[in-house]
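Colleague: Submitted below is the structure of interest, expressed as structure tokens.
The values are calculated or read from the model by the stated rules, or taken from the named source; none is laboratory data. Just so we're clear, the structure is a prediction, and the values are computed from it rather than from any experiment. Reconstructed Cβ throughout: ideal geometry from the backbone, glycine too, with neighbour counts over all protein chains shown. Please note that ligands, DNA and RNA were not included when accessible areas were found on the heavy atoms of the full protein model with its side chains. Shrake-Rupley method; radii C 1.70, N 1.55, O 1.52, S 1.80 Å.
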Amino acid sequence: MMTNEQRFSLDDLHRVYVEVDARDVHAQWNEREDIVVQGNGVDAFLEAGELFISASHDRQFNKERIEIELPRQLLNFAVKAERGDVALDRPQGKLDLRVDSGDVAIADGTGTLSLSSGKGDLKINTFAGNVTANSGSGDKLFSDVNGDVTVRSGRGETKMLRGSGAAEVMGASGDVIINDRDTSRLNVTNASGDVVIRGGRLGGTVIETASGDIDCNVPLTIATYDFTAASGDIALSVQRDLPLRVDAATTRGSIESDLPLVAIQQRGPRNPHGKRVVGSTSDAAERAEITMRTTSGDIRLKWSNDSAPSAHPAKPILNEPIPVPAPAPETPRNDDPVPHDLFDDDRRRVILNALADGSLSVEEASRLLDAMDATSGSLNGGR
């Protein structure tokens, strides 16, 4: 059977609209000057600056794909498909896709993309421009997308690889994985699923998951980071030379940290969690603000592997409201300062910083400092 071919001039044409019931659609943009539509059982006509392409349900042609070739200067392209896969190669301009059931694949595109999918996978490979995707069910893959990405998903994994721009993911069920992406701003809200971030660069971030772990190992910047897991662990790696303040708490779980932190005992409106710790690495006015909260899960804060060596040894977290006394010092060498003095300096600075930003009350800070002074005096022979 010969394939029907129709050609249309680009004169005064500003939009192509495709509507199909049960057919696959493949469109590609190239250097041609007209529009070519190939496929049996396909109707196409021009009206008021728009080209309408349609194909109703017909079992005779259901397995045949509709092929469309378009010039690169076309600015508006839309597809509405009830059933069938949609593939776009080198698209440009404003893209609007509505696919009830079927996979969507887009490669080497430029412009803005708006997608609504009921059931099916989404794959975008190399796109320059903003992307908005609403997906009922199916996996989403965004590779080398340079632009803001917004995803609303009912079920399925969301993965972003490389590229740059802000990202927002709102999902009901499915993991969120971001690898090697330069993300200026990240917001993730997930009902069920893990959130894993690796490599790249991460700006201001808010991550909330009802059931799932949060694992973040990526260079941070001077920004605000808020990690919340109702049921799940939180693991975060930070650079040693990053000025930051940390506030971490868990209701039922443990807290481990390579950073010097101070435990806060008080419960109630200011601290409904069972364990809460605070601390900072710098008194600078500009620093990263990190908050970690989990109801049922552990918290792990560690130095990132690629950081510069720290000037001071890492110190374990204090899991009691009164700091644990430092171990008795070894006999110091002429070129080796007494270790507990360094510990006390860091702990005192952490307490004072926490008092300054309101994390500790005056009474709490005084009690902690008094306990440190008593411990320091006993270790130095009462001087």
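Colleague: Measuring with a 1.4 Å probe in the full set of protein chains, what accessible area per residue, in whole Å², belongs to region 124-182?
Modeller: 36 Å²
Colleague: Leaving ligands, DNA and RNA out of it, work out the accessible area of residue 122 with a 1.4 Å probe and give it in Å² to the nearest 10.
Modeller: Number for this one is 10 Å².
Colleague: Can you give the FRET efficiency for residue 182 and residue 75, using 1/(1 + (r/R0)^6), R0 = 30 Å, r = Cβ-Cβ distance, to the nearest 0.05?
Modeller: Efficiency, rounded to the nearest 0.05: 0.60.
Colleague: Full extension from residue 132 to residue 90: what is 0.36 nm times the residue separation minus their Cα-Cα distance, to one decimal in nm?
Modeller: Length gained, residue 132 through residue 90: 13.3 nm.
Colleague: Now, a different point. By how many nm would the segment from residue 36 to residue 166 grow when fully extended, if each residue of separation counts as 0.36 nm and the alpha-carbon distance is taken off?
Modeller: Full-extension gain reported as 43.1 nm.
Colleague: In what sequence, largest accessible area first, do 29, 303 appear using a 1.4 Å probe?
Modeller: My answer, sorted largest first, is 303, 29.
Colleague: Can you give the accessible area of residue 201 in Å² (nearest 10), computed on protein heavy atoms with a 1.4 Å probe?
Modeller: 120 Å²
Colleague: Give the long-range amide H neighbours of residue 174: residues separated by 5 or more places, or on another chain, with amide H under 5 Å away, using H modelled in the peptide plane at 1.01 Å from N.
Modeller: The answer is 156, 192, 193.
Colleague: Turning to a different aspect of this structure: Accessible area per residue of region 1-103 at 1.4 Å probe, in Å²?
Modeller: It amounts to 52 Å² per residue over region 1-103.
Colleague: What full-extension length gain, to one decimal in nm, is calculated for residue 287 and residue 48 as 0.36 nm per residue of separation minus the Cα-Cα distance?
Modeller: The residue 287-residue 48 span can extend by a further 80.4 nm.
Colleague: Only bridges whose two residues both fall in region 157-276 count here: according to DSSP, what percent of them are antiparallel, nearest 5?
Modeller: 10 percent
Colleague: What shape does region 32-184 take by its C-alpha gyration tensor, where a ≥ b ≥ c are the square roots of the eigenvalues and a/c under 1.5 counts as rounded, a/b above b/c as prolate, and the rest as oblate?
Modeller: In terms of gyration-tensor shape, oblate.
Colleague: Got a sec? What order do 119, 140 fall in by accessible area at 1.4 Å, biggest, i.e. largest, first?
Modeller: 119, 140
Colleague: In square angstrom, rounded to the nearest 10, how much accessible surface does residue 21 have for a 1.4 Å probe?
Modeller: 50 Å²
Colleague: Tell me whether region 61-148 comes out rounded, prolate or oblate; compute the Cα gyration tensor, take square roots of the eigenvalues as a ≥ b ≥ c, and use a/c under 1.5 as the rounded threshold.
Modeller: Values: a/c = 1.78, a/b = 1.14, b/c = 1.56.
Taking the square roots of the gyration eigenvalues as a ≥ b ≥ c, region 61-148 is oblate.
Colleague: Please arrange 64, 286, 256 by accessible surface area, largest first, computed with a 1.4 Å probe and ligands excluded.
Modeller: Solvent-accessible surface, decreasing: 286, 256, 64.
Colleague: Hey, another quick one. Is region 184-304 best put as rounded, prolate or oblate by its Cα gyration tensor, with a ≥ b ≥ c the root eigenvalues, rounded for a/c under 1.5, and otherwise prolate when a/b is larger than b/c, oblate when not? It would help to have the intermediate numbers written out before the result.
Modeller: Values: a/c = 1.69, a/b = 1.07, b/c = 1.57.
The shape class here is oblate.
Colleague: Determine the share of region 1-148's accessible area contributed by carbon and sulfur atoms, expressed in whole percent, with a 1.4 angstrom probe.
Modeller: C and S fraction of accessible area: 44 percent.
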